[in-house]
Amino acid sequence: MIQGLIQGLTEYLPVSSSAHLTIFQHLTGSSASGIAFDLLLHLATVLATVVFFAKDIIVLLCEFFVSFRMPVGQKREGWYFGWAVILGSIPTAVIGLLLKPVVERCAQSMIFVGAALIVTAVMLWTLSFLKPGTKKICVSIGLIVGFAQGLAVFPGISRSGMTLMAGILCGLSAAEAFRFSFLLSLPAICGAALLELRHFDGVLPAGWPAAMGIAFVFGIAALFLVHRVVLSGRWKAFSAYCAVVGLFVLLFLH
């Protein structure tokens, strides 16, 4: 249940869910909870994203598929957004697969996790000074944000922080950067879960419904909070939090 809470909150807040789960397991002396449990928690956060963006997903998907039959539809937002998500997922997948052995080794080093959290703190502090633009999503921006998402596979590097920063640097508005960042996460999270599914032995851990429910509810709450933070540009509190946690890890958990 505690890990469900951690997953639900930190999957969306710009503080790195992988780092927090690693720290929790280190402090409690527990190992990873198993592939089945990880898959269930990721499913819960995917459902939270789908529920939060349900209206956007339906509209964008309809516009995207209709555009194949009606060329005039290719001027609609759904056409550009759909291809940006599809093509933006490619660099994420390539980087994630290539770096997987390195990431697994880094996850075993608390020094790396602490240092990566410091990097995230600096990134979020920088983000607080960036001014959003007025651009809409396009394929080129999708590729850049997808590349940034791929680099966030390292524990301690915030996926949401990386993608939001990349989007705003590319000139996206705050609302557009927020929407694209989290819709782009769906293929990445689902893809990673499917890769791990091959190791699933069919045994579900005890208490999984409660853990999923907690991850889902707090995932929704975290999305609402991040939405307000993105629109207001108030990143410094998260920056300070990541810096404190990173220093704690470097000083006491290495």
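Quick note: the coordinates plus some simple rules give every number you see, no bench work behind them. As the structure is a computational prediction, the values presented were derived from the model and not from experiment. Virtual Cβ from ideal backbone geometry, glycine too; neighbours counted across all protein chains shown.
So what's the stretch 154-219 giving for Rg/Rh, alpha carbon basis, Kirkwood Rh from the mean inverse pair distance?
Working: Rg = 15.7 Å, Rh = 14.4 Å.
My calculation of the ratio gives 1.09.
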Nearest-ten-degree value, helix 139-151 long axis tilted from longest Cα axis of the chain: 0 degrees
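Lysine pairs, Cα distance under 21 Å, 8 or more residues apart or cross-chain: how many in the stretch 33-253?
Counting lysine pairs in the stretch 33-253 gives 5.
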Label-point separation, Glu77 to Cys138 (7 Å along Cα→Cβ), nm: 1.7 nm
Positive-end residue, the chain charge dipole about Cα centroid, Cβ charges, pick of Thr28, Met70, Phe218: Met70
Degrees, to the nearest 10: 77-106 long Cα axis against longest axis of the chain: 20 degrees
Calculated FRET value between Phe252 and Cys62, using beta carbons and R₀ = 45 Å, to 0.05: 0.30
Unit charges on C-beta of K, R, D, E only; dipole of the chain, Debye: 680 debye
Top positive-direction residue, dipole computed over the stretch 33-253 with Cβ charges, set Trp235, Leu247, Gly96: Trp235
For the stretch 38-127, alpha-carbon Rg and Dmax in angstrom: 18.4, 54
Among [x] 18.9, 63; [y] 17.9, 60; [z] 17.3, 50, the entry derived from the coordinates for Rg and Dmax of the Cα atoms in Å: [y]
Cβ-based charge dipole, the stretch 33-253, positive-most Cα from Phe52, Met110, Ala192: Phe52
Cβ-defined net charge surrounding Val50, 14 Å radius [Lys, Arg +1; Asp, Glu -1]: 0
Contour excess over end-to-end distance, with Cα ends at Val102 and Leu231 and 0.36 nm allotted per residue: 43.0 nm
Relative contact order of the stretch 33-253, pairs being alpha-carbon contacts under 8 Å that are 6 or more residues apart, as %: 34 percent
